[in-house]
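Read through the structure below, which is laid out as structure tokens, and then see the notes.
Here, each number is a calculation from the coordinates, and none is a lab measurement. Bear in mind that the values here come from a model prediction, so they are computed numbers and not experimental data. A quick note on method: Cβ atoms are made from the backbone with ideal geometry, for glycine too, and the neighbour counts reach across all protein chains shown.
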Number of protein chains: 4
Amino acid sequence: MKSTQVTETSKAPSRERLDHATRTAQIYQAAARVFCEQGFGQASMSEVAAASGMTKAGIYHHIGSKDELLYGIMSYGMDLFEEMVYDRVKNIPDPLERLRATIRAHVLLVTRDRPKELTVVLNETVALKGDYLQEINKRRRRYVRFLERTFQEMIDQGLARSIDPRVATFALAGMINWIYQWYQPSGRIKDSDLAEAYVDLFLGGVLAGP
Amino acid sequence: MKSTQVTETSKAPSRERLDHATRTAQIYQAAARVFCEQGFGQASMSEVAAASGMTKAGIYHHIGSKDELLYGIMSYGMDLFEEMVYDRVKNIPDPLERLRATIRAHVLLVTRDRPKELTVVLNETVALKGDYLQEINKRRRRYVRFLERTFQEMIDQGLARSIDPRVATFALAGMINWIYQWYQPSGRIKDSDLAEAYVDLFLGGVLAGP
Amino acid sequence: MKSTQVTETSKAPSRERLDHATRTAQIYQAAARVFCEQGFGQASMSEVAAASGMTKAGIYHHIGSKDELLYGIMSYGMDLFEEMVYDRVKNIPDPLERLRATIRAHVLLVTRDRPKELTVVLNETVALKGDYLQEINKRRRRYVRFLERTFQEMIDQGLARSIDPRVATFALAGMINWIYQWYQPSGRIKDSDLAEAYVDLFLGGVLAGP
Amino acid sequence: MKSTQVTETSKAPSRERLDHATRTAQIYQAAARVFCEQGFGQASMSEVAAASGMTKAGIYHHIGSKDELLYGIMSYGMDLFEEMVYDRVKNIPDPLERLRATIRAHVLLVTRDRPKELTVVLNETVALKGDYLQEINKRRRRYVRFLERTFQEMIDQGLARSIDPRVATFALAGMINWIYQWYQPSGRIKDSDLAEAYVDLFLGGVLAGP
DNA sequence: CATGAATGAGTATTCATTCAT
DNA sequence: TATGAATGAATACTCATTCAT
């Protein structure tokens, strides 16, 4: 991508030799794509391997198991979410401003970057087992609590109606998480417009003013 | 279903002999449960058979294939949805009243009846292939168009702000479809309260009035 | 084998359909042969399947796993040993007579019946894991204690020199268990002669009398 | 082997650089340990590598293949046996004295040195293939013939009863080779006592004198 | 000499499905 | 209608081994 004036250490054989981190990243990306398109249970490791441009045996130098791969993808999805959304808004003092920023950041993450990893988090929770599931759920709960707290603060400061914070939290989460099910970046609706529309809709509702 | 006044043809051993329709229904219910809990790709036909109280070979007298079974479940899920929601509200003349009734009916279907079949519709779309997928999507699109039309009517009649009907449609669908991911019928929130809260929230937003 | 004037219920297709017990027995016998010839670790389930005249998948209707198969074979080997040796001699009152009978029975079992299962017990202990290993070892120890007791009784009654019963036990066991490593039933030495020679040798030693 | 008076070529980092012979010896010892504990078929080259403190690829600088490694271990086991037993007793003129010395040396080798390589010889013969098997068997047969000859000489000189030399040979071999299956050097029985007990038992039998 | 990466062939096991009974 | 047995194809994963560096 970047115009690399690379020094390219010596040779360049047809089959390039990449380091562990790069290869692993390749596999994770390919797997996220495959799991996203077919579903974890429908996808085979052969397909993941093919999508990674490696052999089945080869990918096992970089990953431990299919389950671990799923967890790794989800964990990375949560990393992305926290980096792009949660970490950027969690310290905004005003709860209303915080909520607006959260909706905008979350919608834009889903519409603009469309990280497959996040889709996997939403779709394949049922496929995750044991400690892996615990770990992901822990992070999801942290975000839920963050939203609940935000709504409570808004209510306490007279900024929001006396709604149930839990209901509001999941209503909002549902609205946004559903986006990847229908939104087409190439379509009529611009991502930034969607973000604003969601802020508007969630804060003000659909009804016309009095 | 059929009014069988038959008093059990001939002998009636401990292992009761059920008619085809009943057996098939049993299998579909068991399969919906299994697909719901484990995911379609993770579930095996052995598990479906076990959950149906039959042998693996036995269930193939009633179903054609695993894929067809999935489609049958989803189709029944759509039947339920249409019977309990769409058919009951589609002819309400006033669009605002129609929207209110839709939200209430949909939320109550998800919270009160909690049909596994509907969860499968939402979770396993990616596992559905070919014509089966087309068929289900056709029915989903019909409902989407219905909602879009309703929002457009509301806007035209000055009942709703000039929001994008498509955005409103998917925002609402997301809010409601997400419920089965977190709502516990045994929990603090009553289903009828949730329905009213959703109506309230979606129509009026979270912000406090002026 | 036996001239069966069987009524042979109706048809006799090329591919005969056998009941579970028979098939399972076939698999166990074939597997014992294969494990014996190649060693457990070297043998593949494909080879076991081929030797059983079934497909790989087919044998899994009758066995649970390769490990379980190994245990089953060993367990049957121990059954055979106990039925043919231990159970027949354990209640003989005179310890000398008991020892003689034990040596004869054990040698004849190894030379005449040559059960592959017993060979597997001796060769593949290292391949057995967990509870399976415990179970087999428990039965081996019972036999060891039986021999030790027998030697102790002989010593107490002045029938044997004051040797260490444990040493005598393992010396005898080694002598006999080693037979399957070299003895050829088609060879010069008759099985009954070997049994007598072993009784003679173990009781009287190799040295010429005074 | 080669008289290396080299005082460590150049720098000497924490990871000491060992010469080929030493490394090879390390691998053989580690492999003998692993094959002994797990069995050849159950052991993987990864485990051998790990036990050698090297990488999988690394050990292939010193060995040719897993099969060759097995043969090498067995061959070394036979070297040990011949050096410690066969070579030391083969020229003793008196056959009785020769037999006594053989039993003592063999028992002590098994109880005192406990060379894993010898255990591998006894346990993994079935895993050995082709020429490798021929080679090891040739050396085993030489020892068998030596024992047979010794017994024959004893009989000819009136020192032994008229037993079958072949039977006596394998009875003795079994007695001794079985030791590694049960003998614990840390246990109650001293190795030198066991050697004497075996001499005594095999020569004189268990029965009390007349 | 040593290694991380890679692989083709193979591992045990499970799959959805069929069929004779 | 029901089933135990059977299977070909696929499953996730491991193997011994090679090779560029």
Inset, instruction - Calculate one ³J(HN,Hα) per residue across region C:28-34 by plugging θ = phi - 60° into the Karplus curve 6.51 cos²θ - 1.76 cosθ + 1.60, and present them in order as whole Hz with x for glycine and proline. - result: 4, 5, 4, 5, 4, 4, 5
Legend entry - Helix C:130-156 axis, angle to chain C major axis (alpha carbon atoms, nearest 10°): 30
Inset, instruction - Quick one: order B:His106, C:His61 by neighbouring beta-carbon count within 10 Å, fewest to most. - result: C:His61, B:His106
Legend entry - 0 to 90° range, to nearest 10: angle between helix A:165-177 axis and chain A longest Cα axis: 40
Legend entry - Net charge contributed by nearby residues that have their C-beta within less than 11 Å of C:Tyr198 (K/R +1, D/E -1): -3
Legend entry - Cβ-Cβ FRET estimate between C:Gln181 and A:Thr55, R0 fixed at 51 Å, reported to 0.05: 0.75
Legend entry - Cα principal axis extents for region B:18-64, largest first, Å: 29, 18, 17
Inset, instruction - May I ask for the net charge around D:Gly174, where only other residues with Cβ less than 14 Å from the Cβ of D:Gly174 are counted and Lys, Arg are +1 while Asp, Glu are -1? - result: +2
Inset, instruction - Return the long-range amide H neighbours of A:Ala160 (sequence gap of 5 or more, or a different chain), with a cut-off of under 5 Å between placed amide H atoms. - result: A:Ile155, B:Ala208
Inset, instruction - Provide Rg and Dmax in Å for chain B, with only Cα atoms included in the calculation. - result: 20.5, 75
Legend entry - Residue pairs, from the table B:Lys116/B:Lys138; A:Lys190/B:Lys116; A:Lys66/D:Lys66; A:Lys90/A:Lys138; A:Lys138/B:Lys190; B:Lys129/C:Lys56, whose Cα atoms sit over 24 Å apart: A:Lys190/B:Lys116; A:Lys66/D:Lys66; A:Lys138/B:Lys190; B:Lys129/C:Lys56
Legend entry - trypsin sites (Lys or Arg not before Pro) lying in DSSP loop within region B:103-151, provided at most 14 other Cβ fall within 10 Å: B:Lys129
Legend entry - Calculated [θ] (222 nm, deg cm²/dmol) that DSSP helices of n ≥ 4 give over chain C, each run adding -39,500 (n - 2.57): -19000 deg cm²/dmol
Legend entry - region C:74-180: mean projected area of Cα convex hull, nm²: 6.5
Legend entry - Taking chain B and dividing mean pair separation by its residue count, relative contact order in percent (alpha carbons under 8 Å, at least six apart): 21
Inset, instruction - Work out from phi, with θ = phi - 60° and the Karplus expression 6.51 cos²θ - 1.76 cosθ + 1.60, the ³J(HN,Hα) of each residue of region C:120-127, listed in order in whole Hz, and give x for Gly and Pro. - result: 4, 3, 6, 8, 10, 3, 5, 8
Inset, instruction - Determine, at each q value in 0.04, 0.06, 0.11 (inverse angstroms), the log₁₀ of I(q)/I(0) that the Debye formula gives when each Cα of the protein assembly as shown is one equal point scatterer. - result: -0.34, -0.67, -1.22
Legend entry - Charge context of B:Asp94, other residues only, Cβ under 11 angstrom, K/R +1, D/E -1: 0
Inset, instruction - Compute the acute angle (0 to 90°) between the alpha-carbon long axis of helix D:191-204 and the principal axis of greatest extent of the alpha-carbon atoms of chain D; round to the nearest 10°. - result: 30
Inset, instruction - Enter the mean number of other protein chain beta carbons within 10 Å of the beta carbon of each residue in B:164-170, as an integer. - result: 5
Legend entry - Directionally averaged shadow of region B:50-116, computed from the convex hull of its alpha-carbon atoms, nm²: 5.7
Legend entry - D_trans [Stokes-Einstein, Kirkwood Rh over alpha-carbon pairs] for region C:137-199, 25 °C, 0.890 mPa s, µm² s⁻¹: 185
Inset, instruction - Take the Cβ-Cβ distance between D:Glu83 and B:Glu83 as r, set R0 to 60 Å, and report the resulting FRET efficiency rounded to the nearest 0.05. - result: 0.10
Legend entry - Given charges at Cβ of Lys, Arg, Asp, Glu: region D:87-210 dipole, positive-most of D:Tyr198, D:Tyr132, D:Gln184: D:Tyr132
